[in-house]
1. Rounded, prolate or oblate: which one fits the protein assembly as shown, using the alpha carbon gyration tensor with axes a ≥ b ≥ c (rounded when a/c is under 1.5, else prolate when a/b beats b/c, else oblate)?
2. Using the Cα atoms of the stretch C:227-277 to build a convex hull, what is its mean projected area in square nanometres?
3. Which listed residue (B:GLY221, B:SER200, B:LEU232) has the Cα farthest towards the positive end of the charge dipole for the stretch B:187-239, taking +1 on Lys and Arg C-beta and -1 on Asp and Glu C-beta about the Cα centre?
4. Place a +1 charge on the Cβ of each Lys and Arg in chain C and a -1 charge on the Cβ of each Asp and Glu, then give the dipole magnitude about the Cα centre in debye, rounded to the nearest 20.
5. Evaluate the relative contact order of the stretch A:8-122 (contact order divided by residue number), counting alpha-carbon pairs under 8 angstrom at least 6 apart; express in whole percent.
6. Roughly how compact is chain B, stated as its Cα Rg over 2.2 N^0.38 Å to two decimals?
7. Any idea what the B:LYS93 label distances to the other copies are, label 7 Å down the Cα→Cβ vector, nm, shortest first?
8. Which cross-chain or sequence-distant (5 or more) residues have an amide H under 5 Å from the amide H of A:TYR9, H modelled 1.01 Å from N in plane?
Amino acid sequence: MRYVRNAWYVAGWSKDLAVDKPLAMTILGDRIVLWRTASGGLHALEDRCVHRLAPLSLGRCEGERLRCMYHGLLFDPDGKVVEIPGQELVPPKARVRAYPVVDRHSWLWVWMGDPARADAALIPDAVGLDRPDYVLGHGQLDYAAEARLINDNLLDFSHLTFVHAQSFGSGPQFASTPARITPLARGIRYERWTENSYGSASRRSAEPMDNFMTYDFLLPGILLMTGGVFPLGTAQAVAFAAPDLGTAVSGVTFTSQAVTPMTDRTARYFFSWGPHRAHGDEAQRDILMGIAARAFDEDKVMIEAQQRVIDMTPSPTVMPTAHDRGVTLFNRLVDRLVRQEETAARDAA
Amino acid sequence: MRYVRNAWYVAGWSKDLAVDKPLAMTILGDRIVLWRTASGGLHALEDRCVHRLAPLSLGRCEGERLRCMYHGLLFDPDGKVVEIPGQELVPPKARVRAYPVVDRHSWLWVWMGDPARADAALIPDAVGLDRPDYVLGHGQLDYAAEARLINDNLLDFSHLTFVHAQSFGSGPQFASTPARITPLARGIRYERWTENSYGSASRRSAEPMDNFMTYDFLLPGILLMTGGVFPLGTAQAVAFAAPDLGTAVSGVTFTSQAVTPMTDRTARYFFSWGPHRAHGDEAQRDILMGIAARAFDEDKVMIEAQQRVIDMTPSPTVMPTAHDRGVTLFNRLVDRLVRQEETAARDAA
Amino acid sequence: MRYVRNAWYVAGWSKDLAVDKPLAMTILGDRIVLWRTASGGLHALEDRCVHRLAPLSLGRCEGERLRCMYHGLLFDPDGKVVEIPGQELVPPKARVRAYPVVDRHSWLWVWMGDPARADAALIPDAVGLDRPDYVLGHGQLDYAAEARLINDNLLDFSHLTFVHAQSFGSGPQFASTPARITPLARGIRYERWTENSYGSASRRSAEPMDNFMTYDFLLPGILLMTGGVFPLGTAQAVAFAAPDLGTAVSGVTFTSQAVTPMTDRTARYFFSWGPHRAHGDEAQRDILMGIAARAFDEDKVMIEAQQRVIDMTPSPTVMPTAHDRGVTLFNRLVDRLVRQEETAARDAA
């Protein structure tokens, strides 16, 4: 797995972590236990006791601490063992790794790299479920495929014309007209106008209109997408640049999506989607979630099949196409940062 | 897996391939997509898009062509990409492997070796489901075992006395009297008389008779078996040579069977069986298929257990017995041809 | 897997081996077939035919012999092939390994090492289901974990306070007071007094009493445990040595447990438990078995999770604690004996 470690990975939904109920999650092959305390503390440790490697996620919360329920070792939130039953002294080496963790935008974000570099300002601006201006539904899917394949999928929307011909009802435009793709410091920006169109399933209009969509795809695998329907001629008027979404006549929605690599062949996909409150209500949100359920299942069928083909291919190589500009830019960014991390690790060693 | 590649492998039943419904099959570890067109075309390609390795078997038929439904690349039946959405030029290297494929005797036959050597005359003379002189039932079984173990089973019928004591009701003769085994250019021929016998479950007679059975076992793993019941004394009269089946008094049946290696631990077994129309009807066919269902399950239990033992054995070696003449001849033939193919491949490289 | 081979392993319950019904079991990665004959014979062979490696456990008993039901080879109980259908001579090398096997204390014990060293006197003194002085229930569990982890669990009872807080209702004493642990020639002895206690779920008393428990944990993984409730002051009176169990006022039980390594990631756990007839009846036995069902499931959840963590850990290392004296002593004994066996094997080679 080549993934950036100095990044915030989504470990789960904030609402799914109850007080004093430890939760296990695997990210980049690391087993992690997260827990939340009555005082509001939020902690994440390596999910592996120093004694005999039992998972701490089967443990018991005691105040801010977590006790391994195999032989009772007690851990501080910083990973230090503070009590070993039957033994006076606790050796200083008795500690597990602690991970920086932040609860923001309805997600639990875990920093997988050097803790000294963990900067909450790097958490992408996802739209949380409690944002008053949006009416959001949400869900998650487990993939039997590596996360990179899902990232690649989200970085090239030309697949909408084919994979989602039925669900999103996307026409041939996605595959025939290029999007504007711009590199960002930690990802890429995707923008496209579809002029003189009745839209697709999630953004249908009675008259032909100009349709705008844009998303940022950010490290480690976060998609933040919005867009809307504008009067005919808007695209030309703004010279195909990004419009002021406040001037959209309808169809403004927001979706936040996160792809988390668990192991080298499994990933978890988190998503929310829904209309801006000015352009839709709970009923419209439910329609969107119905479309998403169908479309995301189409992706999953294709990507898991793709993974199986790759696994049976002796030396799998890809042949990028013109639509792969976003994929290529993003993967180059990942490669560059991974190399930097490897160099830094070697220098530190 | 040591299997001859220059041979026709059964990929499936002809009737199971509907027009414009691509079908995935794995043979010798190669993932293959087969499709049939409204014009009667029959095509087989490597089931892996050149772009990002998605399976073409999830694709859409367009005339004679097949479109990958991930990002829309369009393939000619010869494997060449003829269209890449969003891109003017198609690079010449954009192609996948095409496999010669023939629809014959109710089966779809795929040539896994050098296409230049694909010769439809090498397709064994199986009896198709539509042959007017036989009343055939059919079926298939998936094995969690390598194909060679099934071939070995079919090449030594002494197992009937033990594995199929109940289903075929085979007596001790199979294990105590040798069959005549003759090498063929692409396989072996097996012939045996059972004199003065009431037959077995599939060919029972009220009086003691002479019973004849014969099969050819041909590359890559095709069994074609027939036989019948003859008046007492016939075996001696024909000096134990093959009789004219037209002179059989009853019990003439035909079974065609094909063993297709999918991966190194999976295989698919196709079979048909039934009486000659002069010696039986649909009711008799159904009786035979009932016997086959039970017997083939007995084989599967034994062979899959044998595979599990082999997999747990550090250096598995066999100890051939006198009954293994057919097994040995056939496997030597395979080894010789595989070595020839390996030499040819090295010379070509 | 580092396990002593010169030891008696429990292959199953005596009552589960019916006359003429061969039984397959895997011990230390060796596939073994056991069978019992009408004459009272009990035999164990390598479960793998010399011919094509079919399992003999699918075979048929014929007198004292076992016939492979693939192609009919017939085996003597000493592993020698005595008949090959269709062949006059049986080559002398046609034999499989025979294992010494003994039926004792309701279990079938198989010696996995050098047959010349098999000594039935080394079979631990388990209490069989037919012992008149105890009322025993019994059961077994299959683990998706290596046997060593279960041994480790049974060698350190401080886990009772944590894993079994609910089922056995063990208080913090197990984790806070040390037991007396004594090395034995082929294992360790564990003894502990819990003074002035109401006991736990399996041995509750109305008044505070002195509670004694002791077990031997013997090669290859046999636990034999007993104990009882004594008048307050007994512990001090006997200077915390082992009391005469005949003087217990209540709560004397006996449990025999066997951990058998099947493969390097699977094990089978056999157990019986129940009250001494003077201290309980069938109803009390059923209460104990209910507690055991719950507690052993708690162990299984923890140990299988521990195995999964270990399997995902690049270089798993443990950090022993003060409670690990029994674990350490026993594993050192195993290591020393395994090294001796390895040396002996090298010298013999």
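The values are calculated or read from the model by the stated rules, or taken from the named source; none is laboratory data. All values reported here derive from a predicted model rather than from experimental measurement. In this analysis, Cβ positions are derived from the backbone assuming ideal geometry, glycine residues included, and neighbour counts consider all displayed protein chains. Remember, those area values only see protein heavy atoms, side chains included, never the ligands or the DNA or RNA. Shrake-Rupley method; radii C 1.70, N 1.55, O 1.52, S 1.80 Å.
1. Values: a/c = 2.32, a/b = 1.00, b/c = 2.31.
It is oblate, given that a/c is not under 1.5 and a/b is not larger than b/c.
2. Details: hull surface 20.2 nm².
For the stretch C:227-277, the mean projected area of the Cα convex hull comes to 5.0 nm².
3. About the Cα centre, the residue reaching furthest to the positive side is B:GLY221.
4. Values: 37 positive and 41 negative charges, 126 e Å.
Roughly 600 debye, rounded to the nearest 20.
5. RCO, the stretch A:8-122: 25 percent.
6. Values: Rg = 22.4 Å, N = 349, 2.2 N^0.38 = 20.4 Å.
Working it through for chain B, the quotient is 1.10.
7. Result for B:LYS93, in nm, nearest copy first: 5.1, 5.1.
8. Hits under the 5 Å cutoff: A:VAL110, A:TRP111, A:MET112.
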